[in-house]
Amino acid sequence: MKYYITILIALISSSIFAQEAKLSATVSKNKLGLNQRLRIEFAINKQGGDHFTPPNFKNFKIVGGPSQSVSQSWVNGKVSFSQSYTYIIKPKRKGEFSIPSAKIEIDGETIKSDPIKIIVTSAVAVPKNPNDPDYIAEQNIHLVAEVSEYQPYVGEGIYVEYRLYFSNNVGIYDNAITESPQYSGFWNQEIKRNGSQVKTAMYNGEQYRYAVLHKALLIPTKSGKLTIDPMKMDIVVAVPTGRGDFFGNAITRQVRKEYTSARKTIMAQNLPIQDKPESFTGAVGDFKYSLNASKNSLKANESSQLKITVKGKGNLKLFELPTIETPKELEVYQPERKEKVSITSSGLTGSVTDTYTIVPEYKGKYKIPKTEFSYFNPKDEKYHTITTDEIFVDVLEGKELNTTTVIEKQEVQTSGNDFRYIQTSTSFSSQKNTDFFTSTLFYILLFIPLIAIPVVILINKKNEEKNADILGNKQRKADKLAKKYLSKAQKQLGNKEQFYEALEQALHNYLKAKLGVETSEISREKITELLQSKNVDNATISSFIEVLNDCDFARYTPITNVQMNEEYEKAKQIITLLDKQL
């Protein structure tokens with residue numbers, strides 16, 4: 001009997017030690033107020049762990065722990081083991097902090113846990129009831145700004161992505177961005193996305209669903225400390241009440257809350273001064289450079305094109321291309337700029353070309369000097385210089401340069417045949433004489449005014465009736481204007497994401513044209529104030545804001561073609577009403 005027990009223990013031990021060691025870290029909450037506490041647990045899934053080293057809680061105060069626990073189980077032939085170390089900590093100040101990795105040694109190998117981000121807000125009123133809907137909504141939804149690089153070089157592209165994380169415990173019924181982020185000190189461009197699909201991911205040790213709300217490419221234009229201001233949102237959250245209806249479905253309660261992402265700080269680095277080429281004009285990235293001529297041999301007054309092209313990945317829109325120096329005997333026109341640039345999360349990709357047109361006047365062979373292009377590559381942190389070869393343009397035909405032609409005076413010799421092509425005799429023939437006043441053309445010209453006068457009178461009468469219809473003219477003008485702004489949205493009917501993006505853009509473009517402000521960057525409340533200042537009635541304003549909210553809400557819910565057509569007609573009516581009142 002002892003023999004079998006020994007074998008069983010050996011099998012259990014071998015099974016436990018065979019699994020791969022992993023040190024995991026979990027928290028009770030990843031967003032809390034300054035006056036709250038959280039529990040953080042570090043668990044190792046393999047025996048033999050020794051010398052556990054907790055992380056540095058420099059932004060937190062340990063108010064409890066560490067407490068240890070060990071658990072081991074055998075279920076359906078599978079052995080599981082867990083040894084945990086638990087701390088209760090309290091934040092010292094507000095902000096977004098990262099709890100570093102904990103460490104533990106197993107069989108001479110050091111195992112580390114993943115860092116955990118914690119957001120600390122102002123002190124909150126801790127509810128007496130943990131089932132309070134506001135408290136549940138606060139703990140289960142997080143608006144997070146993810147930045148790809150915090151210490152880029154000036155001119156190096158990074159991206160910021162705003163994600164809305166929400167747990168499976170709550171639902172979202174409506175949301176609206178009330179304050180868009182500002183990118184002071186950056187060249188920025190929104191990165192187009194294929195819709196806002198809901199995905200699943202781990203966030204600070206817990207499983208969440210999330211949607212990407214906004215993504216932008218940022219290129220710092222100056223060095224030093226740069227700040228990305230927060231994004232703010234109003235969200236209607238469906239919170240479970242803990243009760244069920246007659247059919248057993250959970251009963252929820254809707255609460256509206258404001259969420260704010262954390263402010264991000266970027267430290268932009270200056271480009272190195274050492275080894276900086278004289279030909280450097282601010283290009284940062286990885287590029288190729290070329291100089292080509294469309295023709296190397298041509299005649300005088302024929303044209304040839306010289307193309308300077310920079311292609312690759314980097315800040316393609318933010319530097320100057322080299323200029324071409326040509327001999328003064330060649331006529332050169334101002335270059336034509338062509339850009340084929342696409343915007344992705346990894347930066348600007350494509351090519352920029354300057355095309356020079358040259359027209360020679362004199363015969364000869366001309367040299368286009370070599371050119372240089374320099375750029376800084378952040379990956380290897382070095383400057384690179386590309387030099388082109390000299391180009392020769394051979395003008396085969398044309399006037400000689402710096403030559404004088406001498407013309408000698410000669411006596412003019414005449415002969416009897418010199419003027420043989422000059423006609424010296426004439427012949428006349430009779431031609432029939434026609435009277436214009438008896439011709440068909442005369443009668444046509446006579447009766448055209450008699451016919452045109454009543455037609456002109458009739459057209460003028462119709463125009464006067466049309467101009468007198470003031471309301472009708474305003475209606476036709478407003479309808480035409482609405483169709484103009486909504487034409488792009490109409491083309492996207494049936495494609496949900498593209499349709500609602502185009503519809504929202506059309507509404508903002510209309511207000512921008514009428515009010516002279518960029519309404520896409522201000523909140524709904526500010527739009528309401530602007531329209532009220534223009535004496536627009538509240539019912540029309542409410543309908544306009546409602547359509548904007550529908551555009552946001554529709555991206556997270558299934559929408560039929562019928563509903564899209566209704567939204568289109570509603571938007572057209574709103575623009576028509578607004579135009580009458582503005």
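Taken together, the values in this text are just the output of simple stated rules run on the coordinates, not laboratory data. Bear in mind that the values here come from a model prediction, so they are computed numbers and not experimental data. Heads up, the Cβs are rebuilt from the backbone with ideal geometry, glycines too, and the neighbour counts pull from every protein chain shown.
In the range 316-396, inverting the average of 1/r over every pair of distinct C-alpha atoms gives 15.3 Å as the Kirkwood radius. Partners of LYS299 within straight-line reach, counting aspartates and glutamates whose Cα lies under 13 Å from its Cα and excluding those fewer than 8 residues away in the same chain: GLU361, ASP394, GLU397, GLU400. Label zone (ARG209, point 7 Å along Cα-to-C-beta; backbone nitrogen cut-off 20 Å) within the range 258-278: 258-259. For the range 241-400, build the charge dipole from Cβ charges (+1 Lys, Arg; -1 Asp, Glu) around the Cα centre, then report which of THR388, PRO277, THR371 sits farthest towards its positive end. Going by the charge dipole, the pick is PRO277.
Working note: Karplus 6.51/-1.76/1.60 with θ = phi - 60° gives the range 567-582 the couplings 5, 5, 5, 5, 5, 5, 5, 5, 4, 4, 5, 4, 5, 5, 7, 7 Hz, where Gly and Pro are set to x. Spin-label model, VAL198/GLU20: points 7 Å from Cα along the beta carbon direction are separated by 3.1 nm.
For the listed residue pairs LYS215/LYS512; LYS222/LYS257; LYS92/LYS112, the alpha carbons are over 31 angstrom apart in LYS222/LYS257.
Summarising the label geometry, the points placed 7 Å from Cα in the beta-carbon direction at LYS61 and THR355 lie 7.0 nm from one another.
Stokes-Einstein at 10 °C, 1.306 mPa s, Kirkwood radius from Cα pairs: D for the range 133-268 in µm² s⁻¹? Intermediate values should be presented prior to the final figure.
Working: Rh = 16.4 Å.
Taking Rh from Cα pairs, D becomes 97 µm²/s.
Fully extending the segment from SER342 to ASP174, taken as 0.36 nm per residue of separation minus the present Cα-Cα distance, adds 57.2 nm. For the pair LYS491 and GLN68, the difference between a 0.36 nm per residue extended length and the Cα-Cα distance amounts to 146.0 nm.
Applying both filters, DSSP loop and at most 14 other Cβ atoms within 10 Å, to the GluC sites (Glu not before Pro) of the range 309-409 gives GLU320, GLU325, GLU329, GLU361, GLU381, GLU390, GLU397, GLU400, GLU408. Each of ASN460 and SER98 was given a label point 7 Å from its Cα along the Cα-to-Cβ line. The distance between the two points is 8.1 nm.
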